[in-house]
1. Of the residues that sit in the stretch 172-196 and are outside any loop (DSSP other than H, G, I, E, B) and in contact (Cβ under 8 Å) with a residue 12 or more places away in the chain, which one is farthest from the chain's Cα centre (by Cα)?
2. Kindly list the number of the only condition in (1) under 21 Å from T189 (Cα atoms); (2) surrounded by 19 or more Cβ atoms within 10 Å (Cβ to Cβ); (3) in contact (Cβ under 8 Å) with a residue 60 or more places away in the chain that fails for L77.
3. Looking only at the stretch 203-212, decide whether some residue is in a loop (DSSP other than H, G, I, E, B) and in contact with a helix residue (DSSP H, G or I) (Cβ under 9 Å, 6 or more places away or on another chain).
4. Taking the stated definitions as given, is F64 in contact with a Pro (Cβ under 6 Å, 6 or more places away or on another chain) and within 30 Å of K293 (Cβ to Cβ)?
5. Spot the failing condition for D37; the list is (1) surrounded by fewer than 17 Cβ atoms within 10 Å (Cβ to Cβ); (2) modelled with pLDDT of 95 or more; (3) among the acidic types (D, E), and only one is missed.
6. If A118 satisfies all but one of (1) aliphatic (A, V, I, L, M); (2) surrounded by 20 or more Cβ atoms within 10 Å (Cβ to Cβ); (3) closer than 17 Å to H167 by Cα; (4) modelled with pLDDT under 95, what's the number of the condition it fails?
7. Is it the case that some residue within the stretch 313-321 is over 22 Å from T266 (Cα atoms), under 17 Å from the mean Cα position of the chain (by Cα) and of a type in the set (S, T, Y)?
8. How about the stretch 78-95: which of its residues are in a loop (DSSP other than H, G, I, E, B), of a type in the set (S, T, N, Q) and at pLDDT below 95?
Amino acid sequence: MKRIIIFIFGFLGLASCAVNYQPREINAITVKEFKIDSVSIRAIQVINKHEVMYAGSNGDVGFFSDSEDSELTPGVLEVKYQDSIRPNFRSIASNNKAIFALSIGNPALLYHLSDGKATLKYSEHHEKVFYDALQFFDDNQHGIAVGDPTGNCASILLTSDGGDTWHKIPCANLPEFEDGEAFFAASNTNIKTIGSTVWIASGGKKARVLKSDDYGTTWQIYNTPIVQGDGPQGIYSIDFADKNNGIVIGGDYSKPLENKANKAITDDGGLTWTIVADGQNPNYKSCVQYVPKTNGKEVFAVGKTGISFSNNGGLTWVEVSKEAYYAIQFVDRKTAWLSGNNKLGKLILD
């Protein structure tokens, strides 16, 4: 694969609501698949209908395009990491000027990538360090990363200067976590931001939702009825159509065919949650996303068990593909990029 040195881009907004939208009936889909050698991809950042960035398991941060008119050549950004470390990336985000990629494991490494250069912006050494997801807020100045506890609270990093500097919130300013409560680095979607509000979804001993309305300065935490109590159980992904209506999905990674208490919705901004489609499709999923401009009606969920679709906000679902993917991110109402093991995918809807 040819390596690229420079990338400059802007991308479309990912979510808005349409009035009086009539949801589509979708019973099957076709995803165009692109092989990406020797890399597990759990985090993608769409640029537009034809271009996407990704972060992978062996330190790869790559660019892909299915258009012959692209100004850039698809390939892996040529980055020299300090001490010859090859970070395992499961998080990627953009502030509309540059890409940021965050590694799991010890040490945690958060890089700013622009014009072919990788600049380390934050590092953390701890035997328990494990960062799971990274996102920017709508203003592209505030950003947030979340990781498993190294103390008695979630590990949360914040920036307010577009990612130039990051700081970790002390546990005194965060809700206390149960022993065994953590997060899942499954698709970079256990964080959702709208305006100055952010929601984060947990799993393991507890499956709860942390919420802040002021860019992460103050926090509340809310219980959910999602399956919990064991290490691989809980919420793997969260999304909101607007500040009131949201959805969570997950289950038990070790028992992926089970579908009890693994999806729930809220209409009060995440304060309370109601189980939906209990004992019905879909089973375990690692990512859930509303389709933009569908008034919160159309939802896709993907995972190693296939792809499912709802046209009524998650109340009922149909399986539309058995193909395994980790993550999905929409460009618009008709186009989405997906990522998986050694592959990217592109979904086009009518």
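1. N173
2. The failed condition is (1).
3. no
4. Working: in contact with a Pro (Cβ under 6 Å, 6 or more places away or on another chain): yes; within 30 Å of K293 (Cβ to Cβ): yes.
Answer is yes for this residue.
5. Every condition holds for D37 apart from (2).
6. Condition not satisfied by A118: (3).
7. no
8. Within the stretch 78-95, just N88 meets the criteria.
The values are calculated or read from the model by the stated rules, or taken from the named source; none is laboratory data. The structure presented is a predicted model; accordingly, all values stated were derived computationally and were not measured. Using ideal geometry, Cβ is built from the backbone for each residue, glycine included, and neighbour counts are taken over all protein chains shown.
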